[in-house]
Amino acid sequence: MKYRLPSFAFLFASFVFNFLTLNCLAQEKKYTISGVITDAKNGETLIGASVQVIESGRGSVTNTYGFYSLTLPEGKYSLKVELNRDLRKSLALSSRSVDVAEVVISAEATKNIESTEVSNISLSMEKIKALPAFMGEVDLIKTIQLLPGVMSAGEGNSGLYVRGGGPDQNLILVDDATVYNAAHLFGFFSIFNADAVKNVELIKGGMPAQYGGRLASVLDISLKEGNSKELQVDGGIGLIASRLTIQGPIKKDKISFIVSARRTYIDVLAKPFIPKTSNAAGSGYYFYDMNGKINWRISEKDQVYLSGYYGKDIFTFIDKDSFINFKVPWGNGTASARWNHLFSEKLFASTSLSFSDYNFQFQSQFDEFSATFYSGVRDYAAKVTFSYFPSVLHSIKFGANFTRHRFTPNIANAQAGATEFSIGADDRIFGNESGIFISDDFDVTDNLRINAGLRLSNYSQVGPFTRYDKDEFGKAAGERKYGKNEHVITYNGLEPRFSFRYKTGVTHAIKGAYTRNLQYIQLASISPLSLPTDIWIPSSQLLKPQLGNQFNIGYFRNLASNKYETSVEVYYKTMGNLIEYVEGAQPDDNLGDNVDNNITTGKGNSYGLELFVKKMTGKFNGWIGYTLSKTTRTFPAINGGEPFAAKYDRRHDLSIALTYDKSPTWSFGAVFVYATGSRITLPVQRYYSFEAANFVDIYGPRNSFKMAPYHRIDVSATLRRPTVKMVKDPVTGEMVERKKKVTSSWNFSIYNLYNRKNPYFLYNDLTGDLSKGDSKVVLKQVSLFPILPSVTWNFSF
């Protein structure tokens, strides 16, 4: 693959510029103050807290692990101590912003204006939980779908479609471990238990150099570390699911833990109402997931985390009359170990090892014949990231990562009575993906700040592997075998990243970014919906890595003393080497064959305008997001080579999310969404074939039909029981407030308030009598969710 190097040359020049600048300033003595910012209530580190020195107005923002570092000239400050040496100052903050003598620590009110981050959005769990919940379950993915630039594929789909990218083009991380399928209940819920989540960050553009392997976005989720002060139990009981979270100190302020679990019980509730004589008796569905984490603060310089996730969906169907019995289990498992180490006041390092496993199975039985189909992907990964803070105007991040992939596109086994046999070969695919990166974030002037980064990535497929060759007519033409760890194919390339911020005033700035990304793994899907049956496959001898280039620029402005955050952004994205199944492909075509033999490649582009207004403080807050966009695809082997709209192309997308804290007892939430209808492909003609003795459909151009617009309103109300009670002081006899040991709240929500029948899918149906000549084809719509009320009782002690 060929790459132009001007971006690399610019990056190198910026490093030289900074090196010379630092040398010129080196004559002035400087010292560093650094530390970790934590929540005084539970000891959790605070992400994105702004630390600002009063005299200079300069500051820093805590990283993912709550660490900050400020390097200042020698002198006296209003620190109440003389800064003539390096100093470590760790601070515990209350929930509100406070002044701590020498340093002002605040929320990220000005981050929208000050940082070089473009198209980045962080969401607090408190705000997410305040919004209406679908069937009583708080869902991170559904909340993220309310943000501009993020499209939903339709009713009941938890996939993310960010700025024209597909669901496989999003890098989803949970404590550094990759998640390959973030959906429960075929996409109706996400796998993330909100009680266990600490922070959610979505990066839509200007992707930093430490992230790689995806074209569209990064969804970086950090789990809670556990209350290091006292034992805490939280939970909730809803109509379809219950959850329980226990956290607390193993050794106070030193070692903490958190364990969280959730399970649905639709199967348990429905079982008494299904007669044992029913044909479907024994059918059911449920999912469960569990999170766990241990946090050990070994010293001021060292901290270790161990975290894990495991979740599974199990769907069972039984039809006694036809002797059909099938079971569909699928799920994710992740584990990660991370070590944070402070080498000096200026150099911070984070090293992690992670494991990720996603698998899908389809187990069927008909009389004495049974068959099992399964697929999945398993990763073993390592990553090290160094953060270096030369000065308050300058920070450098560099590191490396490595992932060992094992893909299982499709394996099938069958059994008839006592006889076992294999359907197709065991075609697991092995690959090694790696990357090294460096980024430099620095101030050129008071108004201009630049972040320049470079990533060098590599992917190598290795054996064992069998390549099934095909001739020009698609017929078998032999095979080639590769031994264990034998080289099959290698791809690599440079990925420059660049972003800037130019302040046009105290409360407003212009930001822009360019990112180039390579993606070595992708999702092959036959269904128009994202389902667990979708198959993860890597780049190969026939499939080059996906390549993306994104340009975006925006105007950001804070209003009314930073109470309101506003932005308008435009973006343009090109994508190459995208994949689709060839016309007429079926899932069983992959058996005994390489998956990429049934894949064709093409290109795509997307461009749009995003508007965002967010109120961050006060009793009444929330946001409004609007996206105007267009996304197209062009495949030489599809649609006659003519460009066609992507299935998730939606011209208009509007979301309004509001919350109102009326009093300490009552709070309210509301969500309104509107989107142009999704794209589908439908038959345009139908005729009866006497040869086939059946009707034959003739389809129109790919994704040429647009379904009806999607819109709905959700509302919620939360009733909180008082958290304090009045008791008589035994000494003074006066009535005083005491915190209750057990607190609780009731959440009432209504999904789809005005009972909108939104389309899930459309199909053609034949009505009338064909023999009488009065038959006709009628287009029918299937909708999923009518108005759905729900109630959940939440508790904490």
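The values are calculated or read from the model by the stated rules, or taken from the named source; none is laboratory data. Nothing here was measured: the structure is a model prediction, and the numbers come from that model. Heads up, the Cβs are rebuilt from the backbone with ideal geometry, glycines too, and the neighbour counts pull from every protein chain shown. Protein only, heavy atoms only, side chains kept; ligands, DNA and RNA dropped before computing areas. Shrake-Rupley method; radii C 1.70, N 1.55, O 1.52, S 1.80 Å.
Remarks
- Cα→Cβ-extended label distance, 7 Å offset, between residue 549 and residue 620, nm: 4.7 nm
- Our compactness index for the stretch 530-688, the C-alpha radius of gyration over the empirical 2.2 N^0.38 Å, is 1.45.
- Simple label model, 7 Å out from Cα along Cβ direction - residue 432 to residue 561, nm: 5.9 nm
- Working from label points 7 Å from Cα in the Cα-to-Cβ sense, the residue 458 to residue 486 distance is 2.2 nm.
- P(r) for the stretch 498-580, from all Cα pairs and a bin width of 10 Å, is 15, 29, 23, 19, 13, 1 %, short bins first.
- Ligands, DNA and RNA aside, residue 642 has an accessible area near 110 Å² when probed at 1.4 Å.
- Taken about its Cα centre, the stretch 287-365 carries a charge dipole of about 220 debye when Lys and Arg each add +1 at the Cβ and Asp and Glu each add -1 at the Cβ.
- Counting only protein heavy atoms and a probe of 1.4 Å, the accessible surface of the stretch 614-671 is 65% carbon and sulfur.
- Dipole magnitude of the stretch 473-579 about its Cα centre (Cβ charges: Lys, Arg +1; Asp, Glu -1), debye to nearest 20: 260 debye
- Fully extending the segment from residue 237 to residue 252, taken as 0.36 nm per residue of separation minus the present Cα-Cα distance, adds 2.4 nm.
- R0 of 25 Å, Cβ-Cβ distance residue 448-residue 122: FRET efficiency to nearest 0.05: 0.55
- Packing-based ranking, highest mean first, of 677-687, 628-638 given that Cβ atoms within 10 Å are counted: 628-638, 677-687
- The candidates 225, 117, arranged from most to least accessible area with a 1.4 Å probe in the full protein assembly, appear as 117, 225.
- Inter-part distance where the stretch 185-208 and the stretch 471-502 are each reduced to a Cα centre, Å: 29 Å
- Rg and Dmax [Cα atoms of the stretch 205-261; Å; Rg one decimal, Dmax integer]: 17.0, 44
- Whole-Å semi-axes of the stretch 618-685's equivalent ellipsoid (Cα gyration tensor): 42, 12, 7
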